[in-house]
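In what follows, a structure is listed as structure tokens, so that the remarks can point back to it.
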Amino acid sequence: MFKSVRFKLTVWYALTLSVTLSLFSVLVYNNLQKTLYENMDRLLEFRAEGLADAVEAYLETEEIETGRVPKASSKSGTFFKVTQSLLNGDVYDPKFAAIEVKITDAGGIILASSPGAANAPEIPEGTLNEAVRGEAAYDTIKAPDSQDKESVYRSYTTPVLKDGETVYLIQASRPLYQTEFALNNLRTMMAVLVPLIVLFTGAAGMIFARVALKPVHGMIKTIRQISAENLSLRIPAPDTRDEIRDLASMFNDMLSRLEGSFLSQKRFIQDASHELKTPLTILKGELEVALKKARSEPEYTSILQSNLEETNKISRLVENLLTLAKFDNREIPLDISPVNLNQVLESLASDMVQVAEKKRIKLALKLAPGLPEIKADAGQLRRAFLNILDNAVKYSDEGGTVIMSSAIAGAGVLVMFSDTGRGIAPKDLPHVFERFYRADSSRSTEGFGLGLAITKSILDAHGAAIIVKSEPLKGSSFSVSFPGQDIG
Ligand code: ADP
């Protein structure tokens with residue numbers, strides 16, 4: 001279960017999702033926090049500076065009208081009334097909700113304050129000093145709230161200047177609990193939602209992966225049943241156009257090829273045993289008959305000769321089988337050297353001329369002058385050509401003609417063997433290179449049906465192609481083409 005692709009996919013998916021979602025949440029949270037605090041600072045500054053301007057303007061006007069700067073004397077004095085009314089003025093402005101304002105003298109003693117300013121924090125020492133020097137400052141301060149609980153405030157303190165000197169201070173402050181509450185809410189929501197989303201999508205991913213991989217389970221089930229005995233089984237290909245379908249059809253193709261080669265191996269063994277059985281049966285029969293009673297010497301000689309013939313047949317067959325098996329296993333290394341095919345054909349002709357003459361068959365050579373050499377194993381090629389030539393003579397009647405010719409074909413070389421023999425029926429033509437295949441008409445002629453199979457193996461190893469054309473009763477022609485080579 002934990003090693004399944006489905007599980008791994010889901011885990012990776014869930015991990016990636018949780019990392020991305022967490023990063024996203026942190027980013028959103030930080031951004032919101034920054035914006036909220038910046039907005040609050042701007043509002044506090046706006047409120048305090050607005051009041052400072054108003055107080056400065058009031059002091060200025062009074063000085064011009066009465067000739068003296070009004071002093072904050074008692075709570076019934078004009079300064080107190082004017083400033084208090086300034087503080088009360090904007091209290092219902094929703095912009096300034098929850099912002100408390102205080103006006104103090106340069107030493108921090110409260111002169112006037114907004115209605116809810118009782119809980120607002122005191123101006124810290126450092127800020128007082130800065131304000132006296134004429135500079136405004138922000139603070140985050142802990143102070144008890146109305147329920148006497150500790151609560152955090154953000155405040156902005158700015159000086160009111162008269163002739164360049166700090167005469168009063170204005171502090172605007174606001175508790176942070178609302179902002180903190182909103183941020184806390186968001187944090188909790190994210191802490192709950194992120195794992196929930198990851199869990200949900202992980203489960204959904206698991207289900208999707210199961211649906212997508214369902215055909216694979218079917219495939220595994222079928223593959224388990226496949227053995228050498230039932231290579232004809234095929235795995236079900238899903239009705240989709242995805243990789244799984246490709247995999248299924250490729251696997252089925254592979255099975256078809258395996259089945260094909262398995263069947264041909266099986267047939268090969270059956271055919272080989274069958275071919276071996278006939279001469280062995282004859283041999284056995286002859287020996288049994290010979291042993292039945294004492295024979296004269298000529299009789300023994302004749303029996304032994306017949307035995308030898310059958311033994312030769314068996315040894316030829318076994319040799320051919322071995323050659324094919326070695327080619328199949330690529331155990332025959334090619335001894336490659338530059339080869340002049342004209343010379344090969346000439347030497348073949350001189351070897352075969354006697355056999356041909358015995359059947360009164362004319363052997364002719366039509367060699368192209370200046371035929372380029374090819375890189376090949378001369379011995380193996382000779383063997384391949386000999387099988388073709390041997391057939392041409394074997395399947396021709398007396399008085400026939402066999403022509404061996406060579407030609408230059410583009411960058412390559414062509415070799416042809418044509419005869420005027422009995423020809424090959426169209427139904428046999430596609431099979432003549434198969435192992436043990438013999439046309440019915442050839443059964444009376446000696447042979448195992450392995451010659452052309454060996455020829456084909458040798459030519460394949462050389463990268464050469466062979467094609468056969470034939471017309472029954474008129475003759476056959478085998479053309480072998482060697483591709484162009486860089487002889488170097
Ligand atoms: P075989 O030992 O039977 O000659 P081959 O593999 O050499 O085996 O040839 C396969 C079959 O192809 C032959 O049995 C024969 O029917 C047919 N064949 C091959 N060459 C010729 C040819 N030149 N003329 C007529 N039939 C041919």
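Determine whether region 349-366 contains at least one residue that is closer than 19 Å to I458 by Cα and open to solvent by 40 Å² or more (accessible area, probe 1.4 Å).
Checked region 349-366: no residue is closer than 19 Å to I458 by Cα and open to solvent by 40 Å² or more (accessible area, probe 1.4 Å).
Could you grab the pairs with beta carbons closer than 6 Å, sequence gap of 6+ or different chains, first residue in region 265-281 and in contact (Cβ under 8 Å) with a residue 40 or more places away in the chain, second one open to solvent by 60 Å² or more (accessible area, probe 1.4 Å)?
Matching pairs, first to second residue: F268/R435.
Considering only region 466-478, how many residues are assigned to a strand (DSSP E or B), open to solvent by 20 Å² or more (accessible area, probe 1.4 Å) and out of contact with any Leu (no Cβ under 7 Å at 6 or more places or on another chain)?
Result for region 466-478: 4.
Collect the residues in region 288-347 that are under 30 Å from V402 (Cβ atoms), at pLDDT below 95 and in contact with a Phe, Trp or Tyr (Cβ under 8 Å, 6 or more places away or on another chain), keeping them in residue-number order.
Listed by number, the residues that qualify are R316, L317, N320.
Just the residues that are within 10 Å of the ligand (Cβ to nearest atom) and in contact with a strand residue (DSSP E or B) (Cβ under 9 Å, 6 or more places away or on another chain), please, taken from region 421-445. First the steps, then the outcome.
Taking region 421-445 and keeping what is within 10 Å of the ligand (Cβ to nearest atom), we get 421-425, 428-429, 431-443, 445.
Selection gives G421, R422, G423, I424, A425, D428, L429, V432, F433.
Keeping to region 446-463, report how many residues are in a loop (DSSP other than H, G, I, E, B), more than 7 Å from the ligand (Cβ to nearest atom) and closer than 21 Å to K313 by Cα.
Just the residues of region 446-463 that are in a loop (DSSP other than H, G, I, E, B), to begin with: 446-450, 463.
In the following step, the residues that additionally are more than 7 Å from the ligand (Cβ to nearest atom) were identified as 446, 463.
Those left that are additionally closer than 21 Å to K313 by Cα: 446.
Selection size over region 446-463: 1.
Just to check your reading of the model, which residue among E346, E319, E286, E309 is among the acidic types (D, E), open to solvent by less than 80 Å² (accessible area, probe 1.4 Å), free of Cβ contacts under 8 Å to residues at least 60 places away in the same chain and in a helix (DSSP H, G or I)?
E286
Look at A364 and say whether it is modelled with pLDDT of 95 or more and either in a loop (DSSP other than H, G, I, E, B) or away from the ligand (no atom under 16 Å from the Cβ) (or both).
no
Counting just the residues of region 445-465 that are among the polar types (S, T, N, Q) and modelled with pLDDT under 95, which one comes out surrounded by the most Cβ atoms within 10 Å (Cβ to Cβ)?
S457
So if I check each of V480, V468, which one is aliphatic (A, V, I, L, M), more than 13 Å from the ligand (Cβ to nearest atom) and at pLDDT 95 or above?
V480
Residue-by-condition table, conditions (1) buried (at least 18 other Cβ atoms within 10 Å of the Cβ); (2) in contact (Cβ under 8 Å) with a residue 60 or more places away in the chain; (3) closer than 24 Å to P70 by Cα; (4) basic (K, R):
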position: P115; (1), (2), (3), (4): no, no, yes, no
position: V132; (1), (2), (3), (4): no, no, yes, no
position: K142; (1), (2), (3), (4): no, no, no, yes
position: Y168; (1), (2), (3), (4): yes, yes, yes, no
position: F181; (1), (2), (3), (4): no, no, no, no
position: V192; (1), (2), (3), (4): no, no, no, no
position: P195; (1), (2), (3), (4): no, yes, no, no
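T301 passes all but one of (1) closer than 30 Å to T281 by Cα; (2) not in a helix (DSSP H, G or I); which number fails?
All conditions pass for T301, except number (2).
Can you find a residue in region 402-416 that is near the ligand (Cβ under 8 Å from one of its atoms), surrounded by 15 or more Cβ atoms within 10 Å (Cβ to Cβ) and in contact (Cβ under 8 Å) with a residue 24 or more places away in the chain? Step through it out loud before you land on a result.
First pass over region 402-416, keeping only residues near the ligand (Cβ under 8 Å from one of its atoms): none.
No, because not a single residue in region 402-416 is near the ligand (Cβ under 8 Å from one of its atoms), surrounded by 15 or more Cβ atoms within 10 Å (Cβ to Cβ) and in contact (Cβ under 8 Å) with a residue 24 or more places away in the chain.
Determine, yes or no, whether F46 is out of contact with any strand residue (DSSP E or B) (no Cβ under 6 Å at 6 or more places or on another chain), among the hydrophobic types (A, V, I, L, M, F, W, C) and open to solvent by less than 50 Å² (accessible area, probe 1.4 Å).
no
What's the number of the condition T35 fails, among (1) over 26 Å from T166 (Cβ atoms); (2) of a type in the set (S, T, N, Q); (3) surrounded by 14 or more Cβ atoms within 10 Å (Cβ to Cβ)?
That leaves (3) as the condition not met.
Looking at (1) under 23 Å from P338 (Cβ atoms); (2) in a helix (DSSP H, G or I); (3) modelled with pLDDT under 95, which is the one condition that is false for V355?
Unmet for V355, out of (1) under 23 Å from P338 (Cβ atoms); (2) in a helix (DSSP H, G or I); (3) modelled with pLDDT under 95: (1).
Go through the residues of region 265-274 one by one and say whether even a single one is under 30 Å from E446 (Cα atoms), among the small types (G, A, S) and surrounded by 12 or more Cβ atoms within 10 Å (Cβ to Cβ). Explain how you work it out, then say what you get.
Taking region 265-274 first, the residues under 30 Å from E446 (Cα atoms) are 265-274.
Now restrict to residues that are among the small types (G, A, S): 272-273.
Right, trim to surrounded by 12 or more Cβ atoms within 10 Å (Cβ to Cβ) and you get 272.
Scanning region 265-274, I find at least one residue that is under 30 Å from E446 (Cα atoms), among the small types (G, A, S) and surrounded by 12 or more Cβ atoms within 10 Å (Cβ to Cβ), so the answer is yes.
Only residues that are out of contact with any helix residue (DSSP H, G or I) (no Cβ under 7 Å at 6 or more places or on another chain) and either assigned to a loop (DSSP other than H, G, I, E, B) or touching a residue at least 60 places away in the same chain (Cβ under 8 Å) (or both): list them for region 367-394, please.
A368, P369, G370, P372, E373, K375, D377, A392
What are the residue pairs meeting all of these: first residue in region 1-25, first residue within 20 Å of L213 (Cβ to Cβ) and assigned to a helix (DSSP H, G or I), second residue modelled with pLDDT under 85 and open to solvent by 50 Å² or more (accessible area, probe 1.4 Å), Cβ atoms under 7 Å, and 6 or more apart or on different chains?
F7/M1
Just to be sure I understand, how many residues within region 421-444 are at pLDDT below 90 and part of a loop (DSSP other than H, G, I, E, B)?
2
Does L51 satisfy the condition of being open to solvent by less than 50 Å² (accessible area, probe 1.4 Å) and in contact with a helix residue (DSSP H, G or I) (Cβ under 7 Å, 6 or more places away or on another chain)?
In short, yes.
The values are calculated or read from the model by the stated rules, or taken from the named source; none is laboratory data. This structure is a prediction, so every number in the text was calculated from the model and none was measured. All Cβ positions, glycine included, derive from the backbone under ideal geometry; neighbour counts span all protein chains shown. Just so you know, the surface numbers come from the protein's heavy atoms only, side chains and all, with ligands and any DNA or RNA stripped out. Shrake-Rupley method; radii C 1.70, N 1.55, O 1.52, S 1.80 Å.
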